[in-house]
1. Does Met43 satisfy being at pLDDT 90 or above and within 27 Å of the chain's Cα centre (by Cα)?
2. Confirm whether Ala102 is over 23 Å from the mean Cα position of the chain (by Cα) and outside any helix (DSSP H, G or I).
3. Of all residues in the range 191-221 being over 22 Å from Ser154 (Cβ atoms) and in contact (Cβ under 8 Å) with a residue 24 or more places away in the chain, which is surrounded by the fewest Cβ atoms within 10 Å (Cβ to Cβ)?
4. Residues to consider are Gln54, Gln10, Gln36, Gln94; find the one that is within 27 Å of Met174 (Cβ to Cβ) and at pLDDT 90 or above.
5. Give the range 135-172 a look and list any residue that's assigned to a helix (DSSP H, G or I), of a type in the set (A, V, I, L, M) and buried (at least 16 other Cβ atoms within 10 Å of the Cβ), or say none.
6. What is the one condition in (1) within 21 Å of Gly95 (Cα to Cα); (2) at pLDDT below 90 that Ser26 does not satisfy?
7. Report the residue count in the range 119-141 for those that are within 11 Å of Arg235 (Cβ to Cβ), touching a residue at least 40 places away in the same chain (Cβ under 8 Å) and hydroxyl-bearing (Ser, Thr, Tyr).
Amino acid sequence: MNSTRQSLQQRIDDFLRYLRVERQLSPVTVIHYQRQLVMLMDMAINMNINDWTQLETSHVRMMVAKCRRQGSQAATLALRLSSLRSFLNWLVEQGILTANPAKTVRTPKNKLHLPKNIDVDEVNQLLNIDLADPLSVRDRTMLEVMYGAGLRLSELVNLNCQHLDLPNGEVWVMGKGSKERKIPLGRIAVEWLIRWLEMRQQYVKQDKAVFISIQRGQRISARNVQKRFALWGIRQKVRSHIHPHKLRHSFATHILESSGDLRAVQELLGHANLSTTQVYTQLDFQQLAKVYDVAHPRAKREKP
């Protein structure tokens, strides 16, 4: 490693250590930061930048332009710029920079990709699994908990037995940024958890995980959960592809449709910012717009 790369890399390494130790961000999040910053560092070296103090706003704009030419999507550019801003803000806090040169660079606008959900009838069709073998019981329990509590895939996989409060119908999960939250569990999810936990004792090998691989007796992998959900979607003849995130979206949409309480949905999903949750209001509006188009005599708008 030449001296320039070593100098630039050292600052990045110090920042990543700060994220791990002081901010206590998850290993996955730190890896995302690392990946983006290393790409930007390579661009900086190609611009003959030997030290981060030489970085100017014009350089950052050139980086964004180069990423665009290489075909990077708006979401990728936004992530890259966000990582760079955070890193440069940290350099300012350390007294290494006097100002953040990326602060005034606009983040490319992201196209609004609305989350896809399945309707209540399809959810009932998916969850209508009455097989009594351990694998089916485990899978239905995972589906019930995922949809019943709106968990992220990582939250479901990392669920431990001590996180369950079945008498009170509650579950504790560790979300993004190591933030804990308590979520209510529905009666049916609790019933299936009780049933699965009794069976689980036959297969578990000193693992505190709620959901385990039947074969290995250890915590189930995220990939295995994805495969099992997709398989049950096919078996239950659900029209759309079933994956964990779709159940989370469906949970949020159905709660919002029934309650109209966006703030409550934010808490249940564990979103740090309300703006993240507001995408579901757009979903709700789209449904209203469809009803309007069908029902109102003056609403026969031409499709673009």
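1. On the way: at pLDDT 90 or above: yes; within 27 Å of the chain's Cα centre (by Cα): no.
Here the answer is no, as Met43 does not meet what is asked.
2. yes
3. My answer is Gln202.
4. On the way: Gln54 fails: within 27 Å of Met174 (Cβ to Cβ); Gln10 fails: within 27 Å of Met174 (Cβ to Cβ); Gln94 fails: within 27 Å of Met174 (Cβ to Cβ).
Step by step, each of Gln54, Gln10, Gln36, Gln94 is checked, and only Gln36 is within 27 Å of Met174 (Cβ to Cβ) and at pLDDT 90 or above.
5. Val137, Met142, Leu143, Val145, Met146, Ala149, Leu153, Leu156, Val157
6. (1)
7. So the answer is 0.
The values are calculated or read from the model by the stated rules, or taken from the named source; none is laboratory data. If you're wondering where the values come from, they're calculated on a predicted model, not measured in any experiment. Positions of Cβ are generated from backbone atoms using ideal geometry, with glycine treated the same way; all protein chains shown enter the neighbour counts.
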